[in-house]
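A short worksheet on the structure shown next.
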Amino acid sequence: MTKIPILIDCDPGHDDAVMLMLAVGSGLFDIKAITTSAGNQTQEKTLKNALKIRDLLKADIPIYRGCEKPLFRQLIIADHVHGEMGLDGPALPEPELAYEATPVVEAMARILIDSPEKITLVPTGPLTNIATLLLAFPEVKSKIERISLMGGGAFRGNITPTAEFNIYVDPEAAAVVFRSGVPITMCGLDVTHKALVFQEDIDRFRAIGNQTGTVIAELMDFFSIYYRRERPELDGGAALHDPCAIAWLIDPTMFTSKPCYVDVELTGTLTLGTTVVDFFDVLKKTPNAELVYDIDRERYIQLIYESVRGLP
Ligand code: RIB
Ligand code: CA
């Protein structure tokens, strides 16, 4: 079976780590590279976490260090969710191999230009690297199949009442991406707050018995602390945001989505970083994103479970 060529841009981060497990463990993707964004933690820490997860998965994938901060703003991090190191919980060994020396945007552009086929981008953190790529090398747009991202939300926020973290950290970068004309799948909070992992799922992961099963269980134990304390409306579940962007590429039938016009608020006092989603097509503008807003949670968790089972 022909593997789907992708470039992953992430800020590990607990749910980013599970996204990487799904991407690698599914065996369905030709992962050209992993690039790291500053978001859940500083670039220093998200990069180190990506290197650690690569070792855990025994994956032969080059990793490139991304931008240190948002395009125009100071970096804000999500240590309140992901902890001091950004991947708190399991004790993972220090990385064995280093990241690649090529600057991230040059590396991404080179991979896209040299590829005989279009490549899908899968960003699951702030969109700084993706926006910088599109601004520096606009000609690569013709080599991008789609951007399947985790970010935003039609009717909710998590870092402010209306803004989702990935978009809020770098709203100008998000605006560049949503205004780029590249096809977008938007897995925002509307769907990811239904993509929940519960204690019984964590226990099933732990019972697999391999190293990755133990690590995902320890990651979800830590990740669940925040959600059980701060999101009681989710009934004890933790929102497995980032794997949605990969799962949609594997099997979109487990999701519900619709084409929508989306833009990003850049000047709002209360609404900065909000993805303004025209869900009811009030403006009659041409849709620029496929908004994903529902999920078959059982199928989603089973897909992750089966991928983890095949890993070291
Ligand atoms: O709002 C959720 C998003 O912010 C996820 O990508 C999570 O990893 C954090 O980056
Ligand atoms: Ca993330």
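With θ taken as phi - 60° and the Karplus curve 6.51 cos²θ - 1.76 cosθ + 1.60 applied, the whole-hertz 3J(HN,Hα) list for region 60-77 is 8, 10, x, 10, 10, 6, x, 4, 6, 7, x, 4, 10, 10, 6, 6, 10, 10 Hz, x standing for glycine and proline. Note that region 226-238 has calculated 3J(HN,Hα) couplings of 4, 5, 6, 7, 9, 10, x, 5, 8, 6, x, x, 10 Hz, one per residue in order, obtained from phi through the Karplus relation 6.51 cos²θ - 1.76 cosθ + 1.60 (θ = phi - 60°); glycine and proline are x.
Under a 5 Å amide H cut-off, with hydrogens placed 1.01 Å from N, residue 274 pairs with 265 among residues at least 5 apart or on other chains. Just the protein heavy atoms count here, and of the accessible area of the chain at 1.4 Å, carbon and sulfur take up 54 percent. The mean sequence separation of alpha-carbon pairs under 8 Å and at least six residues apart, normalised by the residue count of region 246-312, gives a relative contact order of 38 percent. Inter-part distance, region 140-202 to region 212-253, computed on C-alpha centroids, equals 15 Å.
Inverting the pair-averaged 1/r between distinct Cα atoms of region 223-312 gives 15.7 Å as its Kirkwood hydrodynamic radius. If you take the Cα centroid of region 254-282 and the Cα centroid of region 60-119, the two points sit 26 Å apart.
Amide H to amide H, with H built 1.01 Å from N, residue 33 comes under 5 Å of 8, counting only residues 5 or more places away or on other chains. Where only DSSP H runs of four or more residues are counted, the chain gives -11000 deg cm²/dmol as its mean residue ellipticity at 222 nm, each run worth -39500 (n - 2.57). Residues whose amide H comes within less than 5 Å of that of residue 188, counting only those at least five positions distant or on another chain, are 151, 292 (H built at 1.01 Å from N in the peptide plane). Legend: distances between Cα atoms for 3/194; 258/285; 69/285; 45/194; pairs beyond 24 Å are 3/194; 69/285; 45/194. Ligands, DNA and RNA aside, residue 80 has an accessible area near 90 Å² when probed at 1.4 Å.
Listed as lacking a disulfide-compatible partner in the chain: 10, 67, 260, by the criterion of no other cysteine Cβ under 4.7 Å. Accessible surface comparison of 294, 190, probe 1.4 Å, protein chains only, largest first: the order is 294, 190.
Along region 282-299 the Karplus relation, 6.51 cos²θ - 1.76 cosθ + 1.60 evaluated at θ = phi - 60°, assigns HN-Hα couplings of 5, 7, 6, 8, 5, x, 10, 8, 9, 7, 8, 9, 8, 8, 8, 4, 4, 5 Hz to successive residues, with x for each Gly and Pro.
Averaging 1/r over each pair of different alpha-carbon atoms in region 182-265 and inverting the result gives 14.4 Å, the Kirkwood hydrodynamic radius.
Percent relative contact order of region 33-147, based on C-alpha pairs within less than 8 angstrom and at least six residues apart? About 30 percent, as a whole number.
In this calculation the C-beta distance from residue 225 to residue 114 is compared with R0 = 30 Å, giving a FRET efficiency of 0.10. What the pair-distance distribution of the chain shows, using all Cα-Cα distances binned every 10 Å from zero, is 6, 30, 39, 21, 3, 0 percent. Our summary gives the chain a relative contact order of 20 percent, counting only alpha carbon pairs under 8 angstrom and 6 or more residues apart.
The values are calculated or read from the model by the stated rules, or taken from the named source; none is laboratory data. Computed from a predicted model, the values in this text were never measured in an experiment. When we count neighbours, we look across all protein chains shown, and the Cβ atoms used for this are built from the backbone with ideal geometry, even at glycine. Side chains included, ligands, DNA and RNA excluded: accessible areas come from the protein's heavy atoms. Shrake-Rupley method; radii C 1.70, N 1.55, O 1.52, S 1.80 Å.
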